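Undergrad: Structure below; questions to follow.
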Amino acid sequence: MILISVLALVAGIVLFGLQRRFRSRPLGSRGKIPVMPVINRDPPPTIIDTIYAIGDLHGDVHCARQWVAATNLFDPTFSSWLQPNAQLVFVGDYIDKGPTSLQTANFVKNLTDAFPDRVTALMGNHEMEALLDRSPASDRRFYFYQLPYSTVHPDELLNYIPPESVTSNTTKALDILYDLALNEIYAKNKFRSIDFSPFGPKSVCNLISDPDLSSMVREELASLQAHYIASFASSTELGQWMEKRPITYVFEDLVFMHGGLNPAVLEVDGGIRSLEDLGKLNEKFLNQSSDTTIASFMRTLDGQIVYDLLTYRGNHKSCMEVSNVASALGLSKIVVGHTPDDDVRMVCDDKFLAIDSALGRWIRVNGNQYCRGEETKSSANGRYTCDTIGSSCEGQIVKMVKSNTPNSTWAVELLSLI
């Protein structure tokens, strides 16, 4: 009896020590912008029966928050996970085509930081181009962020400099750039002959007749763009997060990616033969995504396949193609973004889900053009009009649910805010 009592006492002491050692501790928020503290980092349950998928957000943090809130996955502060059997997948393109790209990227980043086992944020082609734009000019035919459409709104550049650095020259230069875009580029269809570089033969600044004014705008634009691209360096928190975005995400018989699955990617020697190969490709990219190695990696076969997965649009044109690639990889559904329309499209017997429904207000109202949207404004020649952008968020996101009955399939529900 004495021996039993002693053993029980020892066991109690050991158990108490283990409980003290592994007792859960409150975790603080990550990142420079502590939007959402880490409250729940428990691993997901073994059974996931619900997946929410959100398409291209394109520089509209207001609508990004609205769409994420519509999933009811979080409490109102986005700090607690409310659906234990659910995941959330973003299919890329958080930046560009809207003036709050930095805020949108940071919002999604904070979600992935707070709930790494529940939230997956994929790479989009616009994130990829931003990473590639860090490369020297010798590695780029042109800089994506200097296009006069479809990428970086002039006002977006203000997000990357301290507020105290904004001067009257800064705001005047941005006003001039918006005016030149409307009247000289869009109204005269000069998308290819003029760009937003501060210098060079195609520079929009060449259209400014006053030499002093032209010099001022060049100086302001060059400074703003330098701060912009420096924000994505491998030494920055945002740059590191973007470099770690996976190209694809596979869950059971579902695959999520930004662009699409080109049959050629499956057929080429050294290409994709299985879903495991997609995972290996994610790892290869992750290992070569820094600002010193990404350009050379993207010139390899693996890099070309990565870029194709981000930009391919052929699946939208052929259900036979969708059926063939899905069958080859054992997929029930292929879920993509990249190609916008007013609504989510479910085609090819619901095997193909195109979920880019222009969720950002700037792209939905004014397309790829740089329009502030504060008021309706027409060009001097009347050939182009920038329309007013309202506060409502339109489009749809996707909810996929699978029952726990044998041989069940993923049912798809479309969610809207209006």
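Undergrad: In the chain, carbon and sulfur make up what percent of the accessible area (probe 1.4 Å)? Numbers along the way, then the final one.
TA: Values: 10280 of 19390 Å².
Here carbon and sulfur together make up 53 percent of the probe-accessible area.
Undergrad: Separate question: Find how many whole Å separate the alpha carbon centroid of region 50-119 from the alpha carbon centroid of region 294-335.
TA: A separation of 24 Å, based on Cα centres.
Undergrad: May I ask you to order 393-406, 159-172 by the average number of other C-beta atoms within 10 Å around their residues, highest value first?
TA: On the way: 393-406: 16.7, 159-172: 12.5.
Order by mean packing, descending: 393-406, 159-172.
Undergrad: Let me check I've understood the local charge: for residue 150, count other residues with C-beta under 9 angstrom from its C-beta, Lys and Arg +1, Asp and Glu -1. What total comes out? Walk me through the intermediate numbers first.
TA: Numbers: positive: 97; negative: 96.
Combined, the nearby Lys, Arg, Asp and Glu give 0.
Undergrad: I would also like to ask the following. Give me, ordered by chain and number, the residues 5 or more places off residue 74 or on other chains with an amide H under 5 Å from its own placed amide H.
TA: It is 82, by chain and number.
Undergrad: Let me ask you something else. Sorted by accessible area with a 1.4 angstrom probe, largest first, how do 253, 387, 93 fall? Don't skip to the end; give the middle numbers.
TA: On the way: 253 45, 387 65, 93 5 Å².
So the residues, ranked largest to smallest area, are 387, 253, 93.
Undergrad: Roll a 1.4 Å probe over the protein chains and send me the accessible area per residue for region 296-418 in Å². The partial results should precede the final answer.
TA: Numbers: 6020 Å² over 123 residues.
So region 296-418 comes to 49 Å² accessible per residue, rounded to a whole number.
Undergrad: So what does residue 384 come to for accessible area, using a 1.4 Å probe and Å² rounded to 10?
TA: Surface open to solvent at residue 384 totals about 40 Å².
Undergrad: Let me ask you something else. Which of 55, 279, 98 ends up with the largest GNM mean-square fluctuation for the chain, with Cα atoms connected below 10 Å?
TA: 279
Undergrad: Bin width 20 Å, origin at 0, all Cα-Cα pairs of the chain: what percent of pairs per bin?
TA: In order of increasing distance, the bins hold 24, 52, 19, 4, 1, 0 percent.
Undergrad: Here is a further query. Just for the chain, what percent of DSSP beta bridges are antiparallel, to the closest 5? If you can, show how the numbers build up before the last one.
TA: Values: 19 of 34 bridges.
Bridges in the chain are about 55 percent antiparallel.
Undergrad: How far is helix 168-180 tilted off the main Cα axis of the chain, in degrees rounded to 10, range 0 to 90?
TA: For 168-180 against the chain, the angle is about 80 degrees.
Undergrad: Quick one: net charge of residue 324's neighbours, Cβ under 12 Å, K/R +1, D/E -1? Mind showing how you got there, number by number?
TA: Values: positive: 351; negative: 267, 321.
Once all neighbours under 12 Å are counted, the net charge is -1.
Undergrad: Follow-up question, since we're still on this one. Could you list the residues of region 386-410 with an amide nitrogen less than 17 Å from a label point located 7 Å from the Cα of residue 349 in the Cα-to-C-beta direction?
TA: 407-410
Undergrad: Would you compute the Debye intensity of region 291-418 from its alpha-carbon atoms alone, equal scatterers and no solvent, and pass along log10 I(q)/I(0) at q = 0.16, 0.21, 0.23 Å⁻¹ to two decimals?
TA: Per q value, in the given order, log10 I(q)/I(0) is -0.97, -1.16, -1.25.
Undergrad: In nm, what is the difference between 0.36 nm times the number of residues separating residue 417 and residue 149 and their Cα-Cα distance?
TA: Working: separation 268, 0.36 × 268 = 96.48 nm, distance 2.80 nm.
Going from the current span to full extension adds 93.7 nm.
Undergrad: While we're looking at this one, here's another question. Relative to the longest principal Cα axis of the chain, at what angle does helix 319-329 sit, 0 to 90 degrees, rounded to 10?
TA: 40
Undergrad: Suppose R0 equals 51 Å; then what is the FRET efficiency for residue 252 and residue 140 from their Cβ-Cβ distance, rounded to the nearest 0.05? Don't skip to the end; give the middle numbers.
TA: Working: r = 39 Å, r/R0 = 0.76.
Efficiency, from the Cβ-Cβ distance: 0.85.
Undergrad: Nearest 10 degrees is fine. How inclined is helix 211-230 to the longest principal axis of the chain, computing both from alpha carbons?
TA: Between the helix axis and the principal axis of the chain, the angle is about 10 degrees.
Undergrad: If you average the alpha carbon positions of region 214-252 and of region 370-392, how far apart do those two centres end up, in angstrom?
TA: After rounding, the separation between the Cα centres reads 27 Å.
Undergrad: Contact order normalised by length for the chain, with contacts defined as Cα pairs under 8 Å and 6 or more residues apart; what percent is it?
TA: Values: 762 pairs, mean separation 75.9, N = 418.
So the answer I get is 18 percent.
Undergrad: Right, next: So how far apart, in nm, are the two label points at residue 381 and residue 234 if each is 7 Å from Cα heading toward Cβ?
TA: 4.6
Undergrad: What is the packing order of peptides 308-314, 346-352, 102-108, 269-275, taking the mean over residues of other C-beta atoms within 10 Å and listing the highest first?
TA: Details: 308-314: 19.6, 346-352: 16.6, 102-108: 22.4, 269-275: 13.6.
With the highest mean Cβ count within 10 Å placed first, the list reads 102-108, 308-314, 346-352, 269-275.
Undergrad: Another question, if that's okay. What accessible area per residue, rounded to a whole number of Å², is obtained for region 214-286 using a probe radius of 1.4 Å? All intermediate terms of the calculation are to be shown ahead of the outcome.
TA: Values: 2860 Å² over 73 residues.
Each residue of region 214-286 exposes 39 Å² on average to a 1.4 Å probe.
Undergrad: A further question on this structure: What cysteines in the chain have no other cysteine with a beta carbon less than 4.7 Å from their beta carbon?
TA: Flagged as lacking a Cys partner: 205.
Undergrad: For n ≥ 4 DSSP H runs only, could you compute -39500 (n - 2.57) per run for the chain, divide by its residues and tell me the 222 nm figure to the nearest 500?
TA: That comes out to -10500 deg cm²/dmol.
The values are calculated or read from the model by the stated rules, or taken from the named source; none is laboratory data. This structure is a prediction, so every number in the text was calculated from the model and none was measured. In this analysis, Cβ positions are derived from the backbone assuming ideal geometry, glycine residues included, and neighbour counts consider all displayed protein chains. These accessible areas exclude ligands, DNA and RNA; they are computed on the full protein's heavy atoms, side chains included. Shrake-Rupley method; radii C 1.70, N 1.55, O 1.52, S 1.80 Å.
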